[in-house]
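Here's the structure, in structure tokens; my notes come after.
The values are calculated or read from the model by the stated rules, or taken from the named source; none is laboratory data. Predicted model only: the values in this text are computed from it and were never measured. Glycine also receives a Cβ, built like all others from the backbone with ideal geometry; neighbour counts cover every protein chain displayed.
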Amino acid sequence: MERSITDTNQSSSRNKTAMSLLARVFRRNVERVRIPGVDRPLMFHAESPVERYRTRELGGERELLEMFVQTLRKDDVVWDIGSNIGTFSLAAATQVVHGQVIAFEPDPEIARRVAQNADMNKLSNVRVVQCALGDRQGTGVLYTDGLRGYSPGLRKKSHQRAASGELAIDIRTIDQLVQSGEIRPANVVKIDVEGAELLVLKGMSAALQDTGHIRTIFIELHTKFILDFGGTIEECEALLRESEFKCTSRLSRFSTDAGEEEIHLIWSR
């Protein structure tokens, strides 16, 4: 049976309406973000209040992110350890045009979001590695609410942002990944792992001692969370000094929800 011109026009009109609705939904769930030092706006999927906070407010880390971007060179390899939705990873990828960004994120839902955000911005130099990092290889439990929650962690927290979900995950060490050839050595490292900082540093001791590669480390230290992992801020700082790093900048803020100070340190050599 032949379709009438009227039927065809109505069908075309419905298709256009559906496409228009989809486009509006897409725009509503995508944030265009201006990051200091990046010459074009970046787009991020933002379907939850937490994602919108991480994009619109840059997670409260605008100054640190600007300093991070200024550090990068075109051929750098960057390890973004604890990438979350990829704010630092994508900003870095725009700068290291001849290098690579390796984003480590243990939560599978959030790891997929990093890849989606990179694809949406046509940043092919971002590689996502879905695992946690520590001082030994094995398995563990990740406490997380995925994209709806704040930062996932390897210890259960008691503050009001604490995650209610649990996932079994793989834990690797940086040194194992480098020695096996699974990842390239880095020039710049960002670490934000909700208290597991000392474990991550111990798991990359060989990489730290290799003076030919890592020149700058951006690390967030949690005054209370780190104690849950049997570490201290002083131990982290001592380990970095032993590898000939010097602290060149210190930024701090107090998290009222977590009830602790978050310290951002930049170490260079």
Taking the conditions exactly as written (more than 18 Å from the chain's Cα centre (by Cα), surrounded by fewer than 14 Cβ atoms within 10 Å (Cβ to Cβ), closer than 20 Å to residue 137 by Cα and not hydroxyl-bearing (Ser, Thr, Tyr)), does residue 182 satisfy them or not? yes
Strands (runs of 3 or more DSSP E) within region 190-269 that include 2 or more residues without any contact (Cβ under 8 Å) to a residue 60 or more places away in the chain and acidic (Asp, Glu): 260-268
Could you list all residues from region 83-115 that are touching a Ser or Thr at 6+ places or on another chain (Cβ under 7 Å) and farther than 14 Å from residue 192 by Cβ? 101
Go through (1) among the hydrophobic types (A, V, I, L, M, F, W, C); (2) assigned to a loop (DSSP other than H, G, I, E, B); (3) within 18 Å of residue 193 (Cα to Cα) one by one and return the number of the condition residue 79 breaks. (2)
For residue 126, are the conditions met, namely being touching a strand residue (DSSP E or B) at 6+ places or on another chain (Cβ under 9 Å), within 20 Å of residue 29 (Cβ to Cβ) and buried (at least 17 other Cβ atoms within 10 Å of the Cβ)? no
Single residue of region 195-231 satisfying the filter (at pLDDT below 95 and among the hydroxyl-bearing types (Ser, Thr, Tyr)) that is surrounded by the most Cβ atoms within 10 Å (Cβ to Cβ): 223
For residue 65, are the conditions met, namely being touching a Phe, Trp or Tyr at 6+ places or on another chain (Cβ under 7 Å) and assigned to a helix (DSSP H, G or I)? yes
